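Student: One structure follows; several queries about it will come next.
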Amino acid sequence: MDDPILWTLIAIQVVMGAFDTLVHHEGTERLAWRPSQRQELRLHGVRNFFYMVIFLCFAWLEPRGVFTMILTGILVVEVLITLWDFVEEDLTRKLPATERVNHTLLALNYGAILSLAAPYLLEWARMETALIPTSYGWWSVMATLSALAVGLFSARDLLAAGRSDRLARPDPATLVTDLPGRQNVLITGATGFIGARLTAALVAGGHRVTVLTRTRANADDLAHPIRIVTDLGQIPDDEPIDSIINLAGDPVASAPWTARKRARIIGSRVDMTREIVALIDRLAVKPKVLVNGSAIGWYGLRGDEKLTEDAAPQDCFTHQVCARWEATAEAAQAHGVRVVALRIGLVLGVEGGMLAKFLTPFEFGLGGVIGDGKQWMSWIDLDDVVRMIVFAVAADIQGPLNATAPNPVTNADFTKAVAGALQRPAVLRFPAAILRVGLGDLAEETMLSGQRVVPAGAQAAGFTFWQPDLDHALQQMTGARDTRATVVSQPQNAS
């Protein structure tokens, strides 16, 4: 097997397979944290184990006789598992176009590999049974490194499949029990991390939900039945809307803060909120409440100071974004609408948000403290923020409302808690200077500095947190604790 063309095709297969795993399975799709993909994870785990065996064999051995037949059988089984995997993927999730193209290229390239390898296998099969040591120089090294990588992912995928049952969240209907009657709710930003869970909760609770999305296909994965509009102008003047929940906005931390990105961040929020106020203005019957998104970035960079809703802000970009967003929403008060500015902290859940970006590196022992680790992280569980939105709709409150758990932590303690929940080491440290050079104000305001925010307003109004403590919350989110027991007896009813 000293054919350089064959080894080149194997190298190409490795690169495309790595792209599929890292970009699709770990990046956009995050299969290891989706309970629905348990069977797919099992297939990936078994297939990667076979890949490991194949790579090591090709790298250092010439299997002859019976051993050739065993290797051929493994290759056949790998093809069958891949076909099974393709069917499983189509049945259980909507594949991105890039993943479909990549799968096609992988299949074509693998066919070429098998065609070139077949003469060697036939020749070896006729020989006396033996395992002959061999080496192909750097090709063998490449194959060995590939074997170690796929072996590592094989173990992780099988373990992830085993914890899938423990990742299930409570019935979403339990999140909206504070909402009386059958409400008509308009949601913007429903396809986002918070919005999707909120939509599922309202639908499960029997409420009528209208979702604004610029592209209908984006709402395919939301809970149904819902009504979809692509423009607020499609809502008639006599539409009875009880409440509006505005969560729409360009992601803050998805790219460096260039002048264009800053304009998108502010413009997406202000423009949408203006459209909502204009809708309220023309509705014959005004909604009772507008729950408008905001963020704890409103307070600016405040060090160790404990911040309630009464705290004064410090000027920075995140404050400017939130201040303009809140000020635009306040215009709805002129129409008799109660306005709540929900200052949301770091929302935690394996489904998305900041924690989701951390899980894969932490799982592979690559987690660590950011900067000096002393910056505060004011967090909240995904279901608690959904419950607080519902609470804000149902309760007689208005003005700013901090959507954070009552026990914020430093980055060092957060890192320790994530590592503990995943049972992995987290010994790395990411220097502040490097982050500042690479990301500028984005790093300073969202990673290296923070706010120690407490939910004084929510607690004074009687809101009860299901997840007030980080360790318990992370253990349940990551499957370290069995969440199935908490579906009936809600977790830690403590405020």
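The values are calculated or read from the model by the stated rules, or taken from the named source; none is laboratory data. Since we're looking at a predicted model, the values are computed, not measured. We place every Cβ from the backbone using ideal geometry, glycine too, and count neighbours over all the protein chains shown. Ligands, DNA and RNA are excluded from the accessible area calculation, which covers all protein heavy atoms including side chains. Shrake-Rupley method; radii C 1.70, N 1.55, O 1.52, S 1.80 Å.
Student: Roughly speaking, what is the stretch gain from ALA118 to ASP90, that is 0.36 nm per residue apart minus the C-alpha to C-alpha distance, in nm to one decimal? List each step's numbers first, then the result.
Tutor: Working: separation 28, 0.36 × 28 = 10.08 nm, distance 3.04 nm.
Gain on extension, ALA118 to ASP90, equals 7.0 nm.
Student: Going by the alpha-carbon gyration tensor, a ≥ b ≥ c the square roots of its eigenvalues, is region 285-390 rounded (a/c under 1.5) or, if a/c is not under 1.5, prolate (a/b greater than b/c) versus oblate? Provide the component values of the computation, followed by the final result.
Tutor: Numbers: a/c = 2.87, a/b = 1.63, b/c = 1.77.
Cα axes put region 285-390 in the oblate bin.
Student: With label points built 7 Å along Cα→Cβ from the Cα atoms of HIS224 and ASP165, find their separation and express it in nm.
Tutor: Output for this residue pair reads 3.0 nm.
Student: Let me ask something else about it. Round to the nearest 0.05 the FRET efficiency obtained for GLN423 and PHE19 when R0 = 30 Å and r is the Cβ-Cβ distance.
Tutor: Values: r = 29 Å, r/R0 = 0.96.
Working from the Cβ atoms, E equals 0.55.
Student: Next up: Nothing charged except the Cβ atoms of Lys and Arg (+1) and of Asp and Glu (-1): what's the magnitude of the dipole of the chain about its Cα centre? Round to the nearest 20 debye. Display every interim value, and only then the final one.
Tutor: Working: 44 positive and 51 negative charges, 74 e Å.
Rounded to the nearest 20 debye, it is 360 debye.
Student: With axes computed from alpha carbons, what is the tilt in degrees of helix 4-19 against the longest principal axis of the chain, rounded to the nearest 10 within 0 to 90?
Tutor: For helix 4-19, the angle is close to 20 degrees.
Student: Here is a further query. So if I take the centroid of the Cα atoms in region 216-269 and the same for region 137-211, what is the distance between those two points in Å?
Tutor: 20 Å
Student: How do ARG93, ARG126 stack up against each other in accessible area, from largest to smallest, with a 1.4 angstrom probe? Please list the in-between numbers first.
Tutor: Values: ARG93 20, ARG126 190 Å².
Ranked from most to least accessible, the order is ARG126, ARG93.
Student: Can you tell me the order of 344-351, 27-34, 285-292 when each peptide is scored by its average per-residue count of other Cβ atoms within 10 angstrom, highest first? Spell out each step's value before the answer.
Tutor: Values: 344-351: 22.2, 27-34: 18.4, 285-292: 20.8.
Ranked by mean Cβ neighbours within 10 Å, highest first: 344-351, 285-292, 27-34.
Student: Grab the Cα-Cα distance for LYS288 and THR258, subtract it from 0.36 nm times how many residues apart they are, and report the gain in nm with one decimal. Mind dumping the intermediate values first?
Tutor: Values: separation 30, 0.36 × 30 = 10.80 nm, distance 3.81 nm.
In short, 7.0 nm is gained.
Student: Next question, about the same structure. Could you grab the relative contact order for the chain? Cα pairs under 8 Å, six or more apart, rounded to a whole percent.
Tutor: Details: 849 pairs, mean separation 70.4, N = 495.
After rounding, I find 14 percent.
Student: So, with a 1.4 angstrom probe, what is the percent of accessible area on region 113-264 that is carbon and sulfur?
Tutor: Solvent-exposed carbon and sulfur of region 113-264 make up 59 percent of the total.
Student: Is region 1-81 rounded, prolate or oblate when judged by the Cα gyration tensor, a ≥ b ≥ c being the square roots of its eigenvalues, rounded requiring a/c under 1.5 and prolate requiring a/b larger than b/c? Don't skip to the answer; put the middle values down first.
Tutor: Numbers: a/c = 3.40, a/b = 1.64, b/c = 2.07.
Oblate, because a/c is 1.5 or more while a/b does not exceed b/c.
Student: Another question, if that's okay. Report the calculated FRET efficiency for ALA334 and ALA11 (r = Cβ-Cβ distance, R0 = 60 Å), to the nearest 0.05. Can you show the working numbers first?
Tutor: Working: r = 66 Å, r/R0 = 1.09.
My answer for the efficiency is 0.35.
Student: What whole-number value in Å² describes the accessible area per residue of the chain for a 1.4 Å probe?
Tutor: Details: 21470 Å² over 495 residues.
Value for the chain: 43 Å² per residue.
Student: Next question. Are there any GluC sites (Glu not before Pro) in region 244-329 that are in a DSSP loop and have at most 16 other Cβ atoms within 10 Å? List them by number.
Tutor: Working: sites: GLU275, GLU305, GLU309, GLU326; in loops: GLU305, GLU309.
Within region 244-329, the qualifying GluC sites (Glu not before Pro) (loop, at most 16 other Cβ atoms within 10 Å) are GLU305.
Student: Also, quick follow-up: Modelled label-to-label distance, ALA278 and LEU148, 7 Å Cα→beta-carbon offset: nm?
Tutor: For ALA278 paired with LEU148, the spin-label model returns 5.9 nm.
Student: Now, a different point. To the nearest Å, what is the center-to-center distance of region 434-484 and region 316-382, using C-alpha atoms only?
Tutor: For region 434-484 versus region 316-382, the Cα centre distance is 8 Å.
Student: Want the number for VAL101 to THR464: 0.36 nm per residue separation, take away the alpha-carbon distance, what's left?
Tutor: Gain on stretching VAL101 to THR464: 125.9 nm.
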